[in-house]
Amino acid sequence: MAEDGFFERMRLGLQKTRDTLQQGLGTVLSRNRADAETLEELEEVLIMADLGAAATHKVLQEVEQRVRQHTIAPDGEGLREGVVDTISEILRSATPSSDERQHDARPWVMMLVGVNGVGKTTTLGKLAHQFRGAGERPLIVAADTFRAAAIEQAEIWAQRAGVDIIKGQAGGDAAAVAYDALQAAKARQLSQVLIDTAGRLHNKIHLMDELKKMRRVLARAMPEALHDVWLVLDATTGQNAVSQVTQFHEHIGLTGLVLTKLDSTAKGGIVVNIADQFQLPIRYIGIGEGIDDLRPFEATSFAQALLAQE
Ligand SMILES: Nc1nc2c(ncn2[C@@H]2O[C@H](COP(=O)(O)OP(=O)(O)OP(=O)(O)O)[C@@H](O)[C@H]2O)c(=O)[nH]1
Ligand SMILES: [Mg+2]
């Protein structure tokens with residue numbers, strides 16, 4: 001029941017994208033041909049659905065190739081099959097392998113980064129809750145020292161999840177907080193160190209510098225740390241999400257993505273766009289503000305929610 005409810009919320013969140021795609025595809029595919037004009041119109045539909053130029057190009061190329069090789073029929077149904085298969089394939093490429101889903105290091109040190117308001121602190125609370133539910137002993141690190149309210153918010157999530165928290169002073173040195181937290185986690189033999197970071201500092205360079213400093217300082221406490229840096233993306237954001245991935249990846253190096261707010265009016269096409277452009281696994285998706293509203297990303301159910309005909 002809970003899982004059905006989860007899928008249903010994702011499906012509703014993706015409704016707008018799904019409708020845009022279905023309507024557009026319906027019109028184009030009703031021509032029942034695979035000629036140049038039809039393919040051009042198909043291109044427009046995919047661009048409108050936020051797939052971006054590269055992923056759109058890939059889908060068209062694949063469809064054309066399949067028509068040429070007679071693996072799909074040169075009619076509406078054939079084209080639909082080609083589009084759905086290719087988009088599903090792109091999404092599958094962003095699904096973490098089972099190896100990637102293991103976080104064996106102890107403590108495993110992970111930092112969530114992202115621009116302000118995307119859902120970092122909320123996601124951290126949900127993750128802490130999941131780890132604890134699995135019998136682990138995670139630690140929340142309130143390293144967003146930019147705002148006093150951010151520290152309080154992390155505290156509330158630590159209480160909800162029933163896990164330890166280490167926090168600094170508002171205006172304090174975030175890297176020092178992270179370093180102390182890692183030392184404490186080692187001493188207390190805690191299993192996961194989950195670091196919350198600021199979404200906004202005085203400017204972007206300052207934020208990137210602070211995140212880089214955190215990485216350097218953590219490596220002094222544990223050479224292999226950081227193990228993971230995940231970028232949180234608000235799925236209702238359009239093309240701007242692409243530049244967020246580019247910038248954070250370039251500056252600090254990412255090992256994964258988390259998509260939040262898939263229960264709101266999400267731009268599903270942007271997920272295909274990002275899955276295609278970056279070799280970064282999508283680790284989790286958020287489907288609400290509650291503590292249980294986080295799930296591992298699954299390409300198959302996502303593709304179904306995005307592409308299924310009503
Ligand atoms: N609907 C919905 N809302 C979410 C989800 N995840 C987070 N939110 C909401 O988004 C808002 C911002 O979440 P935060 O966790 O504070 O975001 P943040 O990235 O920590 O923000 P800063 O610390 O200001 O950078 C809050 O109102 C959350 O409840 C989600 O999956 N679905
Ligand atoms: Mg926050």
* residue 237 being at pLDDT below 95, within 16 Å of ligand 1 (Cβ to nearest atom) and under 30 Å from residue 83 (Cβ atoms) -> yes
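To keep it simple, each residue is scored yes or no on (1) over 11 Å from residue 195 (Cα atoms); (2) within 9 Å of ligand 1 (Cβ to nearest atom); (3) touching a Gly at 6+ places or on another chain (Cβ under 6 Å); (4) polar (S, T, N, Q).
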position	(1), (2), (3), (4)
121	no, yes, no, yes
128	no, no, no, no
131	yes, no, no, no
140	no, no, no, no
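For residue 200, are the conditions met, namely being touching a helix residue (DSSP H, G or I) at 6+ places or on another chain (Cβ under 9 Å), within 16 Å of ligand 1 (Cβ to nearest atom), of a type in the set (Lys, Arg) and outside any helix (DSSP H, G or I)?
Spelling it out, residue 200 is indeed touching a helix residue (DSSP H, G or I) at 6+ places or on another chain (Cβ under 9 Å), within 16 Å of ligand 1 (Cβ to nearest atom), of a type in the set (Lys, Arg) and outside any helix (DSSP H, G or I).
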* Go through segment 82-172 and tell me which helices (runs of 4 or more DSSP H), entirely inside it, have 3 or more residues that are modelled with pLDDT of 90 or more, more than 21 Å from the chain's Cα centre (by Cα) and surrounded by fewer than 17 Cβ atoms within 10 Å (Cβ to Cβ). => 148-161
* To do: With the condition kept exactly as written, say whether any residue in segment 16-33 is outside any helix (DSSP H, G or I) and buried (at least 21 other Cβ atoms within 10 Å of the Cβ).
  => no
* Somewhere in segment 146-157, is a residue among the acidic types (Asp, Glu) and away from ligand 1 (no atom under 16 Å from the Cβ)? -> no
* **Members of segment 244-267 found to be more than 27 Å from residue 99 (Cβ to Cβ) and either without any contact (Cβ under 8 Å) to a residue 60 or more places away in the chain or of a type outside the set (S, T, N, Q) (or both), listed by number** => 247, 261, 263, 266, 267
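Give the number of residues within segment 65-81 that are surrounded by fewer than 17 Cβ atoms within 10 Å (Cβ to Cβ) and either under 12 Å from residue 42 (Cβ atoms) or basic (Lys, Arg) (or both).
The qualifying residues number 1.
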* **Filter pass, residue 156 being away from ligand 2 (no atom under 12 Å from the Cβ) and farther than 25 Å from residue 248 by Cα** => no
* **Unmet requirement for residue 62, which otherwise passes all of (1) at pLDDT below 95; (2) in a helix (DSSP H, G or I)** => (1)
* Asked: So residue 242 clears everything in (1) away from ligand 1 (no atom under 12 Å from the Cβ); (2) in contact with a His (Cβ under 8 Å, 6 or more places away or on another chain) except one condition, right? Which one?
  -> (2)
* Can you name the condition, by its number, that residue 241 falls short on among (1) touching a residue at least 60 places away in the same chain (Cβ under 8 Å); (2) closer than 15 Å to residue 118 by Cα? -> (1)
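Scanning segment 162-172 for residues that are in contact with a Phe, Trp or Tyr (Cβ under 9 Å, 6 or more places away or on another chain) and under 22 Å from residue 116 (Cβ atoms), which turns out nearest to ligand 1 (Cβ to nearest atom)?
170
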* When the residues of segment 195-208 are filtered to those that are loosely packed, with under 14 Cβ neighbours inside 10 Å and of a type outside the set (Lys, Arg), which remaining residue is farthest from the chain's Cα centre (by Cα)? -> 202
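The values are calculated or read from the model by the stated rules, or taken from the named source; none is laboratory data. Given the structure is predicted, the values throughout are model-derived calculations rather than measurements. All Cβ positions, glycine included, derive from the backbone under ideal geometry; neighbour counts span all protein chains shown.
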